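Structure first, commentary second.
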Amino acid sequence: AAGVFTVLYVFVAVLPLPREIQFEPEWTIDASQTPEFSESENCIPFKTGQLAGYFSENGKILNARSFAVKAAVSEFYFAPYGLSDDSVEIFSPDGSFACRIDSSGFPFIDENRIFMFLPGGSSFARYSSQGKKLWAYEGFVPVTAFSSADCGTVAGFADGKVLLFDESGNLSQEFVPGGSKYSVILGADLSPDGNYLACISGLEKQRIVLAKREKEHTVITFYKYMEKDQTRQALVKFSRDGDWLYYAFAG
């Protein structure tokens, strides 16, 4: 038996292994090191444990701040917050005060766009860099997916509906992907040019849907059923040039 195994091993071992991606770290840093902010550095946001801040491309901690409960962070803003605060203070990457939002809720910061999800989970508002409310959407169905771009905002809901808003907060289109036994939107994104939207839709025959925005309606241009349902929110993201769509799936 040992001889047979040896002969089989010799022949099998010469088969080429599948190609694999291997990452080699260029540098490693301790996030608790003393920050040294520089205006000339490109600020990359991070959040780990109860610490959030910014580091540079060459691995220097530019700013770091501990937070007690939660924090929202992007390339432009940092906002620590609690679960029952009456207001939220927002700071710039250098740690300077940027603005205050005098409202209870949970901040969501997407690049330089500031949103607040209002208590109840079915409404949200957009704010300016001075903390002024620009527009708001008030609904009754829980928001289960959300994303924004310079050209507008997309929100998905527990009833399987997707709403598109323009830059001023006006409802521009309403889209229901359907195709599954149970309706729910678990991830959504809008392409940078606003011409396409994508979402992970439904349970039991869950699918990824890519749709093109027409003048008065939305047309599905591609969809694919998932092999296994996801039961939580999942990543759906267009590349910065809009040529690629990335999405997460179970496993």
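The values are calculated or read from the model by the stated rules, or taken from the named source; none is laboratory data. The structure displayed is predicted, hence computed values, not measured ones. Counting neighbours? That spans all protein chains shown, and the Cβs are built from the backbone with ideal geometry, glycine included. To get the accessible areas, we keep the full protein, side chains included, count just its heavy atoms, and leave off ligands, DNA and RNA. Shrake-Rupley method; radii C 1.70, N 1.55, O 1.52, S 1.80 Å.
Check the range 37-54 and report whether any residue there is touching a residue at least 24 places away in the same chain (Cβ under 8 Å), in a strand (DSSP E or B) and open to solvent by 70 Å² or more (accessible area, probe 1.4 Å). Even if it seems obvious, please write down each step before you answer.
Here is the first cut: in the range 37-54, the ones touching a residue at least 24 places away in the same chain (Cβ under 8 Å) are 37-39, 43-47, 52-54.
Still in the running and in a strand (DSSP E or B): 44-47, 52-54.
Adding the requirement that they be open to solvent by 70 Å² or more (accessible area, probe 1.4 Å) leaves 47.
Looking for residues that are touching a residue at least 24 places away in the same chain (Cβ under 8 Å), in a strand (DSSP E or B) and open to solvent by 70 Å² or more (accessible area, probe 1.4 Å), one finds at least one in the range 37-54, hence yes.
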Worksheet item: Are there any pairs with C-beta distances below 6 angstrom linking a residue in the range 129-152 that is surrounded by 17 or more Cβ atoms within 10 Å (Cβ to Cβ) to a residue that is of a type in the set (Asp, Glu) and part of a strand (DSSP E or B), with the two at least 6 apart or on different chains, and if so which?
Response: SER147/ASP189; SER148/ASP110
Discussion item. Just the residues that are open to solvent by 100 Å² or more (accessible area, probe 1.4 Å) and touching a residue at least 12 places away in the same chain (Cβ under 8 Å), please, taken from the range 242-251.
Written reply: PHE249, GLY251
Fill in: Conditions (1) modelled with pLDDT of 95 or more; (2) assigned to a loop (DSSP other than H, G, I, E, B): number failed by ASP86
(1)
Worksheet item: Which residue pairs have Cβ atoms closer than 6 Å, lie 6 or more positions apart in sequence or on different chains, and pair a first residue in the range 175-186 that is over 22 Å from GLU214 (Cβ atoms) with a second residue that is of a type in the set (A, V, I, L, M, F, W, C) and not in a strand (DSSP E or B)?
Response: VAL184/ALA158; LEU186/ALA234
Discussion item. Suppose we filter the range 183-204 for residues that are charged (D, E, K, R) and surrounded by fewer than 18 Cβ atoms within 10 Å (Cβ to Cβ); how many remain?
Written reply: 2
Response to the item:
Going through the range 55-78 in order, the residues found to be in contact with an Asp or Glu (Cβ under 7 Å, 6 or more places away or on another chain) and either open to solvent by 90 Å² or more (accessible area, probe 1.4 Å) or under 26 Å from PHE106 (Cβ atoms) (or both) are LEU62, ASN63, SER74, GLU75, PHE76
